Every structure is written in structure tokens, then in C-alpha cells.
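Undergrad: Structure in C-alpha cells, see below.
The values are calculated or read from the model by the stated rules, or taken from the named source; none is laboratory data. Owing to the predicted nature of the structure, the values given are computational and were not obtained by experimental measurement. Ideal geometry is used to build each Cβ from the backbone, glycine not excepted, and the neighbour counts take in all protein chains shown.
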Amino acid sequence: MTENAVTTSTPPTTARPTWGETLRAYLEPASLRMFALGFSAGLPLLLVLGTLSFRLREAGLDRTTIGYLSWVGLAYGFKWCWSPLVDRLPIPLLTRWLGRRRSWLLLSQGAIMAALVGMALSDPRTGLDVVVWCALAVAFASATQDIALDAFRIESADTRHQGVLAATYQTGYRLAMIWAGAGVLWLAARAEVVPVAQALAAVADAAKPAPGSLYQNAAWTTAYLVMAASMLVGVVTVLFSREPVQLAVPPSRNAAEWFRGAFVEPFADFLKRYGKQALLILALIGVYRISDVVMGIMANPFYVDMGYTKDEVAAVTKIYGVIMTLVGAFIGGALSLRWGVMRVLMIGAILSAASNLLFAWLAGHGHDVTALIAVISADNLSAGVASAAFIAYLSSLTNVTYSATQYALFSSMMLLAPKWLAGYSGAFVDAYDYPTFFTATAFLGVPVLLLVWLATRLIPLPERPTGA
């Protein structure tokens, strides 16, 4: 494979695959590996963001503090800073045994397990600092796993199949989110000495319980320890996967040459290939998921404040909702393969922004499980379509010579501004309440539509042959 083949900007003419060929692509070995590794990638995210915000709200923390603590997720936004090390630096013994990608995957998975144990054994009411530091460690190790895994995925298939790999990756990712979302809530509810739902029913006619008065930390300890053990799925998958074929990296003659190859050339290559259009690409990447990310931080506190129980939230938002996201991901992957990534990218942007308005309606509707199901159906289906198309778009921009570093840059840009803005979401809700907040997040998606339209007209997607 030559670099010219990697960076060609004019795709060859290919026949549109049949629906049978499209569906069989989901059963190819590379797709099945992405399904399993996607589970490993999806497990830590909610445990330091969504599920953690539910735990903290139940423990009595105010929404403004919870919003600021969501900045733990900024670790994902800065992963490009150490991605060149993951791309180039070997790990003693492990790299020789497993290869460059799998060694970093295994190391990061071990660190995630250890930090989750730390979160399990801490109580946010008396040791919030410990919970935060352990959550930071989980986020850092999880971001490192993402760097290696994104490179592993990109090097495992050609451009046309990136939509399928994105969909199977999202399937494993979302199934892990069911386990890290519904599973945690279900385990914590089962481990409670006196179920919170029963306690709420007992005081239904009395004054509302004080924040944190019904919190049982031992139940959450059990749930988080099970989550730590669940990371073994990723460990086993790494051990039984094969290292993808990579372009040979010439040995560096000195430290300066190594630094230039690891840190400078990946970014210079991207700027050289796209020139001034690189600014448009980075702007699109930076805001594409802003509606979802900003809204998502306050979703779990919203469910708590609306009176939904752990079991209701687990069943509707963490199981049924994730299933709808999976359906959306498969639709997005299949449509990207047949219609092209950019068309589906536009559809996903429209649906993702519009679905936030349904939460504004739900906030005024009150506690209603049927209404929650309807809102979650629309929102998560939209998110699945948008995610599959967006991952395929990011993958198509990446040069396999620098796959880990460049994809880390793109995915970091995707989260940096939204995560920073999301930190103020709790303060916004405290000042203006939920309906205004959800409406504002919907309008954040309007500039995205213009950027997708401009990118479609000005920047053709490159065709990249497989690296495996």
C-alpha cells in the first residue's frame, strides 16, 4: 500500500451492493471483532458521566456541582495530546507479545478496571474527592483505549466498509451502555436494604424526602464492582484477536526525528491534504454532536427530579432506549453504505437537534412512563443514525499512516467544545429550569446543518483501501 493510495481524493466507480451483500458485511470477522471491542469501549463512559450523575444526584449533590463534575469527560477531548505516544511508543514486553494496538488496549483496560474498583469503594457524601480522582483515572484510561481501538478499527477495513464497522462497533458500544446504565441501576436497586421505590411510596403523602436521605452507598459499591469485572470481556477479546496489518514505520535516527514523526507529521499531513478546507472540517467535527452532548449531562438528574425510579429509568432509557439507538446505528450504517456518508450525516444532524424539543415537552408533561418511552424512542433512534454516519465520516478523513493520532484529533474535537459547554448545564437548569434548557440545546444544532451542507459541496470524501 502506498501513501498515494491512502490519500487519493477521487473514489473509484463501484457497483452499489445488494441488500444481501450489505447485511453479510455485518458478519465478517472484522465486524464481529468490532462488536466485542465496542462493548469494552462503551462500558466506562456512563460510569463516569451519565450513571455517575444519577448516583451523585441521589446522594444529594446539587445540579450545578454535577454539571461542573461532568468536566471529567474533558479527558476524552484532550486525548489527541497523548495519542502520538499510543500510535508510536511500544510498551515493554507487551508490544512484542501482542503488537502495537493490542498492547495499548490491554494496558488501558487494566487501568480502567482498577479505577472502577476505586469508585466502587468510595462514598461521594464523605469522599467526593476520591470519587472524582478515580473517575478521572477511568476517563483517562478509557480515552487511551479509544485511541488504540479507533486505530485498530480504521486499519481493519476499507473506506466503503467503515460504515458497517461503525455500526457493529456502535452495537457493542450500546450494549455495554445498557449494562453500564440499566445494569448498574438494576444491580444497585437489587442490593438496597430497603428499596428506594418502596421508601418513596411510604412517604408519598408526606413531605418530599431530603436530598440524599434515601441514598445507600453499599448498593452502588456492589454495582460498580460488577462493572469492573465486566471489563474482562474486552481483555479476553484483545487476547484472542489478531493485530491488523499496519504500514511499516521507519526507525527514527534520533529523538528529534521521532518527535517529528509522532507529533508533527500526523497533523501536518491532515493540513497538507485539505488545506484551508481543514478549518471547515474541524468546525463541523467540533459542533456536530453538541446538541446531544450538552443535553445528555442533565438527562439523569432530570429523571431523578421527575420522580422516575431506578427500575423505570433502567428499563426505558437504558435498555429500550439503547435498543432504539442500535436500530438507528444499523440504519445509519446501511444507508451510509448505499447512499453515501454525507447524506446520512445531514439526516442525523436534523433528527438529533429536533428530538431535544421532545424533552422540553416531557418536562411540562410530568411523570409519565408512556410519554418517556415515546421521547426516548425518537431521541435514541436519531442518535444512532447520527453516530454511525459521523464515525464513518471521521474514519474516511484518516490517513492510515497516522490512524491513531489523526482519529484521536477528530474525536477529541468532537467532544472538546460540547463537554466544556455541558459543564454549565446544571447552572443553566437551576436558573431557567428544564424546558428552556432542552429547547436551547435543540437550537445549538442549527449551525451544524450549514456546516454539513458546506462540507458536502466543498470536500469530497477520500477512498482508502483496507490496511488489513
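Undergrad: Tell me, yes or no, whether segment 382-397 has at least one residue that is surrounded by 16 or more Cβ atoms within 10 Å (Cβ to Cβ), part of a helix (DSSP H, G or I) and in contact with a Pro (Cβ under 7 Å, 6 or more places away or on another chain). Steps first, answer last, please.
TA: Step one: filter segment 382-397 for residues surrounded by 16 or more Cβ atoms within 10 Å (Cβ to Cβ), giving 382-397.
Filter once more, so that each one left must be part of a helix (DSSP H, G or I): 382-396.
Now drop any that are not in contact with a Pro (Cβ under 7 Å, 6 or more places away or on another chain), which leaves 396.
Yes: segment 382-397 contains one or more residues that are surrounded by 16 or more Cβ atoms within 10 Å (Cβ to Cβ), part of a helix (DSSP H, G or I) and in contact with a Pro (Cβ under 7 Å, 6 or more places away or on another chain).
Undergrad: Here is a further query. Could you list, in sequence order, all residues of segment 412-449 that are of a type in the set (D, E, K, R) and either closer than 17 Å to S352 by Cβ or crowded, with 16+ Cβ neighbours inside 10 Å (or both)?
TA: Initial filter on segment 412-449 (of a type in the set (D, E, K, R)): 419, 430, 433.
Across segment 412-449, the qualifying residue is only K419.
Undergrad: Could I ask something else about it? Give the residue, chosen from S252, S241, that is at pLDDT 80 or above, touching a helix residue (DSSP H, G or I) at 6+ places or on another chain (Cβ under 7 Å) and farther than 27 Å from P418 by Cα.
TA: The match here is S241.
Undergrad: Among the residues of segment 86-140, which ones are aliphatic (A, V, I, L, M), out of contact with any Asp or Glu (no Cβ under 9 Å at 6 or more places or on another chain) and farther than 26 Å from F240 by Cβ? Talk me through it step by step, then tell me what you get.
TA: Residues of segment 86-140 that are aliphatic (A, V, I, L, M), as a first pass: 86, 89, 91, 93-94, 98, 105-107, 111-117, 119-121, 128, 130-132, 135-139.
In the following step, the residues that additionally are out of contact with any Asp or Glu (no Cβ under 9 Å at 6 or more places or on another chain) were identified as 86, 89, 91, 93-94, 105-107, 111-117, 119-121, 128, 132, 135-139.
M119, A120, L121, L128, V132, A135, L136, A137, A139, listed by residue number.
Undergrad: Report the residue count in segment 96-138 for those that are at pLDDT below 85 and of a type in the set (S, T, N, Q).
TA: 0
Undergrad: Inside segment 451-460, can you point out the residues that are in a helix (DSSP H, G or I) and at pLDDT below 85? Before the answer, list the steps.
TA: Narrowing segment 451-460 to residues in a helix (DSSP H, G or I): 451-458.
Within segment 451-460, A455, T456, R457, L458 qualify.
Undergrad: Moving to a separate point now. With the requirement that a residue be buried (at least 24 other Cβ atoms within 10 Å of the Cβ), small (G, A, S) and within 17 Å of W220 (Cα to Cα), what does segment 44-78 give you?
TA: Passing the criteria: only S53.
Undergrad: Using the structure shown, decide if A206 is modelled with pLDDT of 80 or more and surrounded by fewer than 21 Cβ atoms within 10 Å (Cβ to Cβ). Outline the logic, then answer.
TA: Working: modelled with pLDDT of 80 or more: no; surrounded by fewer than 21 Cβ atoms within 10 Å (Cβ to Cβ): yes.
In short, no.
Undergrad: Could you identify the single residue in L335, L279 that is over 19 Å from the mean Cα position of the chain (by Cα), surrounded by fewer than 19 Cβ atoms within 10 Å (Cβ to Cβ) and either modelled with pLDDT of 80 or more or not in a helix (DSSP H, G or I) (or both)?
TA: Working: L335 fails: surrounded by fewer than 19 Cβ atoms within 10 Å (Cβ to Cβ).
Just a single option satisfies the conditions, and that option is L279.
Undergrad: For segment 410-450: of the residues being charged (D, E, K, R) and assigned to a helix (DSSP H, G or I), which is modelled with the lowest pLDDT? Full working, then the answer.
TA: Step one: list which residues in segment 410-450 are charged (D, E, K, R), which gives 419, 430, 433.
Subsequent filtering for residues that are assigned to a helix (DSSP H, G or I) retains 419, 430.
Working: K419: 84, D430: 88.
Filtering first and then ranking leaves K419.
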